[in-house]
Amino acid sequence: MDTIKLIIPSDIPHNCQIITGFLRLDEQGQAVEITDISRNAANPFYDLPVVLAEYRGKRIVYDLWDGYQNPEGMQKGLDACDFYFKRSFSAEKNAALFPADAEKMYPLGFNYHVTHRKNPINEPLWKSMLKPLLGRAPDRYFVTEVFEGSAPQKGDGPVKILFLTQLWDDQDPTLPPELNQERTLINEMRLEIIRALRRQYGDAFVGGLNNCGLSRRLAPELIVPTNYTERRKYLKLLHSCDICIGSMGLHESIGWKTAEYVAAAKAIVNENFHYSVPGNFDQGRNFLAFSTAPECIDAVQQLVESPEMLYAMKLANEDYYRNFLKPEVLVKNSLNTVDRTLSQPMEEPHNTGSQ
């Protein structure tokens, strides 16, 4: 079996999922040789959400950008590879922005901050030892298994709904006006959804904002205690809920929380996707979509009123996680794409994606 060479040019959290996938494949018998150059500021992808690999003599780029906010950086990656797997994938944008390279671009899938205890870009050991003293879990705690859930039949208790989120600074002088405007719209949507869910579902709804200066300025009444938002405690809350709400992230990305909901096998109500993911992640089966806060409430109510739909959606997301999102499976699927392409160079165009 050929050894896969994995090159880590950056230590930002976006990259942890891909590194974790390769480390788990290595544990399962696929030899992986890791080179960590994330401390070398001279490397061309330093401090960018990019991971590189060499497999079967081909160069692979894994792009974890939120969207298409850095076309120059993306072109640098496209120039350096034979296969380009993009988290926020749009066939239309690929064709418009990178017409000469669009055929080498493939959808990668959902992203979330999952790690492996041997991940070289985890925080330093001293910081890991300090965090528990501050009431926080270290990065090394957040391995694949702590996110995973199953889909048991719903008991007799009330359906629990979850939406814990944050706000973005929409008055950042370093950003162009259109990006600050996007942040304003994201904040307004999140605030309206939290308020509407609180009115509609009362104690059956677990949701609100983290305690920070921006939350205190914009919506102090929606701040929840830190035992809701500390990451380890948040995941325990997530596993105790049934329906989870996802809203659009920066640059129209699919938020990391959506991937966490899938891993935990939850029913999902999510703001409309602007990007595609591999496999059959379908509206009505894996999630209910919304574009306004009232549509969000209507979708939640559909699931509350239909235990059968709720349970079927949990099962569908448990299945999707096993086949497309589990870190080593997501990475293995990308390698399988390389294998198929090399063996069938004239196959049908790949870049339609599934939403």
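The values are calculated or read from the model by the stated rules, or taken from the named source; none is laboratory data. These figures come from a predicted structure and were not determined experimentally. When we count neighbours, we look across all protein chains shown, and the Cβ atoms used for this are built from the backbone with ideal geometry, even at glycine. Areas reflect the complete protein model, heavy atoms only, side chains present, ligands, DNA and RNA absent. Shrake-Rupley method; radii C 1.70, N 1.55, O 1.52, S 1.80 Å.
Using a/c under 1.5 as the rounded threshold, could you call region 182-271 rounded, prolate or oblate? The axes a ≥ b ≥ c are square roots of the C-alpha gyration tensor eigenvalues, and prolate needs a/b larger than b/c, oblate otherwise. Rounded is the answer for region 182-271, as its axis ratio a/c remains below 1.5.
Given R₀ = 30 Å, what would the calculated FRET efficiency be for Leu214 paired with Lys76, taking r from the Cβ atoms and rounding to 0.05? Before the final figure, lay out the partial values.
Numbers: r = 33 Å, r/R0 = 1.10.
In this case the efficiency is close to 0.35.
When the expected Rg is taken as 2.2 N^0.38 Å, what fraction or multiple of it is the alpha-carbon Rg of region 1-160? Rounded to two decimals, the normalised Rg is 1.19.
Counting alpha carbon pairs within less than 8 Å and at least 6 residues apart, what relative contact order, in whole percent, applies to the chain? Rounded, it is 18 percent for the chain. The alpha-carbon of Lys93 sits under 22 angstrom from the alpha-carbons of these lysines, leaving out residues fewer than 8 places away in its chain: Lys76, Lys104. Taking 0.36 nm per residue of sequence separation and removing the Cα-Cα distance, the Arg231/Arg59 pair yields an extension gain of 58.4 nm.
Computed over the chain with a Gaussian network model linking Cα atoms closer than 10 Å, the most mobile of Gly207, Gly77, Gly284 is Gly284.
Could you tell me whether region 219-345 comes out rounded, prolate or oblate from its Cα gyration tensor? Rule is a ≥ b ≥ c as square roots of the eigenvalues, rounded for a/c under 1.5, then prolate if a/b exceeds b/c, otherwise oblate. Write out the running numbers ahead of the final one.
Details: a/c = 1.84, a/b = 1.61, b/c = 1.14.
Taking the square roots of the gyration eigenvalues as a ≥ b ≥ c, region 219-345 is prolate.
Highest GNM mean-square fluctuation among Leu97, Leu164, Leu134, for the chain modelled with Cα contacts below 10 Å: Leu134. Ranking Thr337, Ser247, Cys81 by Cα position along the charge dipole of the chain, where only Lys, Arg, Asp and Glu carry charges on their C-beta atoms, puts Ser247 farthest toward the positive end.
Per-residue ellipticity at 222 nm for the chain, helices alone: DSSP H runs ≥ 4 residues times -39500 (n - 2.57), over residue total, nearest 500 deg cm²/dmol? Intermediate values should be presented prior to the final figure.
Values: 13 runs with 135 residues, N = 355.
The per-residue figure over the chain is -11500 deg cm²/dmol.
Taking the chain as the reference, fit the longest principal axis to its C-alpha atoms, fit the long axis of helix 16-27 to the helix C-alpha atoms, and give the angle between the two in degrees, 0 to 90, nearest 10. Helix 16-27 sits at roughly 60 degrees to that axis. Accessible surface area normalised per residue over region 1-160 is 45 Å², counting heavy atoms of protein chains with a 1.4 Å rolling probe.
To the nearest 0.05, how large is the calculated FRET efficiency for Ser240 and Asp47 if R₀ is 35 Å and r is the Cβ-Cβ distance?
Working: r = 37 Å, r/R0 = 1.05.
Efficiency computed from Cβ-Cβ geometry: 0.40.
Just to confirm the number: angle between the C-alpha axis of helix 231-240 and the first principal axis of the chain, 0 to 90 degrees, nearest 10? In the chain, helix 231-240 runs at an angle near 70 degrees to the longest axis. Model label points for Asn272 and Arg136, set 7 angstrom from Cα along the Cα-to-Cβ axis, are 3.7 nm apart.
Nearest-5 percent of antiparallel DSSP beta bridges in the chain? Working shown, then result.
Numbers: 12 of 41 bridges.
Bridges in the chain are about 30 percent antiparallel.
Which aspartates and glutamates does Lys58 reach when only Cα atoms under 17 Å apart count, and residues fewer than 8 places away in its own chain are ignored? Straight-distance partners of Lys58: Asp2, Glu33, Asp79, Asp82, Asp101, Glu103, Asp339. Given R0 = 30 Å, the distance between the Cβ atoms of Asp172 and Ser343 translates into a calculated FRET efficiency of 0.05.
For Glu103 and Glu308, compute 0.36 nm times the residue count separating them, minus their Cα-Cα distance, and round to one decimal in nm.
Computed gain between Glu103 and Glu308 is 69.7 nm.
Once you charge only the Cβ atoms, +1 for Lys and Arg and -1 for Asp and Glu, what is the size of the charge dipole of region 209-355 about its Cα centre, to the nearest 20 debye? Can you show the working numbers first?
Values: 14 positive and 17 negative charges, 148 e Å.
Computed charge dipole of region 209-355: roughly 700 debye.
Show me the GluC sites (Glu not before Pro) within region 79-160 that DSSP assigns to loop and that have at most 16 other Cβ atoms within 10 Å of their Cβ. Can you show the working numbers first?
Details: sites: Glu92, Glu103, Glu145, Glu148; in loops: Glu148.
Counting only loop positions with at most 16 other Cβ atoms within 10 Å, the GluC sites (Glu not before Pro) in region 79-160 are Glu148.
Between Asp36 and Asp203, the distance separating the two model label sites (each 7 Å from Cα on the Cα→Cβ line) works out to 4.7 nm.
Taking the Cα atoms only, what angle lies between the long axis of helix 307-320 and the longest principal axis of the chain, rounded to 10 degrees? Tilt of helix 307-320: around 20 degrees. Placing a label point 7 Å from the Cα of Glu145 along the Cα-to-Cβ direction, the residues of region 27-42 with a backbone N closer than 18 Å are 27-29.
Pick out, from Ala265, Thr226, Ser291, the residue whose Cα sits farthest towards the positive end of the charge dipole of the chain, with +1 on the Cβ of Lys and Arg and -1 on the Cβ of Asp and Glu. The Cα lying farthest towards the positive end belongs to Thr226.
Mind checking the dipole of the chain: about its Cα centre, +1 per Lys or Arg Cβ, -1 per Asp or Glu Cβ, Debye to the nearest 20?
Details: 38 positive and 46 negative charges, 228 e Å.
Roughly 1100 debye for the chain.
The simple spin-label model puts a point 7 Å past each Cα toward its Cβ; for Glu295 and Ala95 those points are separated by 2.4 nm. Under 17 Å of direct C-alpha separation, and excluding same-chain neighbours fewer than eight residues apart, Lys257 reaches these lysines: Lys160, Lys233, Lys236, Lys266, Lys314, Lys326.
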